[in-house]
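No value in this document is a laboratory result; all are computed from the given coordinates. Fair warning: this is a prediction, and the values are worked out from it, not measured in the lab. Please note: Cβ atoms are built from the backbone with ideal geometry, for glycine as well, and neighbour counts cover all protein chains shown.
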Amino acid sequence: MKQTILYLPVVHAGYEAFLNRHADSDEILILGRRFSDVFPELAKEIRGLSPERAVEHARLIVPKARVRLVEPADLADAVLADLVVLPDEEIMHRLVELPGFPDKTQLRFESTFLRWDREWSRATKPVRFDHRISRSSLDRRFMARTERESRRSSDWWRQVGAVAVRDGQVLKVAHNHHHPTEYTPYIDGDPRNDFRRGVRPDLSTAIHAEASLVATAAREGLSLASSDLYVSTFPCPACARLVAEAGFQKCFFAGPYSMLDGEEVLRSGGVELIWVDMALDGTSSAPEPK
């Protein structure tokens, strides 16, 4: 038996694709109103659909599937499948940790949101990566971990993952996300929509992957000094300052993106820049360093 569980605050092509992929579920469960008591931030989503309307929309998208609401008190009795599929979102990870959630169920988390990328977000300039290119399997493995982590981001414009490593051991992982909830820019609107890149970067609901990694490490009393940072996208200037101040000794990356003075900030902070060549056919994908 297969069940799919999701929180459906809005209907967009990403959720539509997710529901269609799992239209073969024996049952699709939509989180009900009482979950805002468990997760108070859900109550702030003033433009979110009511759960009842969300069920109606889901039934239109997958008319042959059984779709119904589930409330916290019903969770233990509602989740009966051997396999449960959920969107790979913060709320859903917290959901399966609730006391009433069956602990013997096989869980499969899947990416839900579309990744829309503007032309400017694809615009890059080569980073001068200290003439060092790594093709080691270990560095590729850590870089692949950043890509997997980035897919947990709900950001429609850009998904970024970051991994802190010391002596071959992962210390901390993070991805870019939004506050007060990951749905904020899609419910209340994205405050960045009317601004060009580089203009008023403070007007954002997002925290970048590197900033989240440094902040959570600080909260837990974990020193990042002399560790290495792996990022799926080259750090922006603000994150570059945090990376330098945190004491990272190396920054590994696989994309040539660099904006404003991010590269110079890292270099002046003594952070070595290393390109990880992810090409598997023996050819190099690295740009020519200046």
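In table form, for the structure just shown:
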{"quantity": "5 angstrom amide H check on F109, placed H, neighbours 5+ away", "calculated": "L86"}
{"quantity": "Sites R53 and M278 - FRET efficiency at Förster radius 35 Å, r taken between beta-carbons, to 0.05", "calculated": "0.20"}
{"quantity": "Förster-model FRET efficiency, 51 Å R0, D77 and S226, C-beta, rounded to 0.05", "calculated": "0.50"}
{"quantity": "Stretch gain in nm, segment D103-D167, where the contour uses 0.36 nm per residue and the Cα spacing is subtracted", "calculated": "19.6 nm"}
{"quantity": "Net charge contributed by nearby residues that have their C-beta within less than 14 Å of D77 (K/R +1, D/E -1)", "calculated": "-2"}
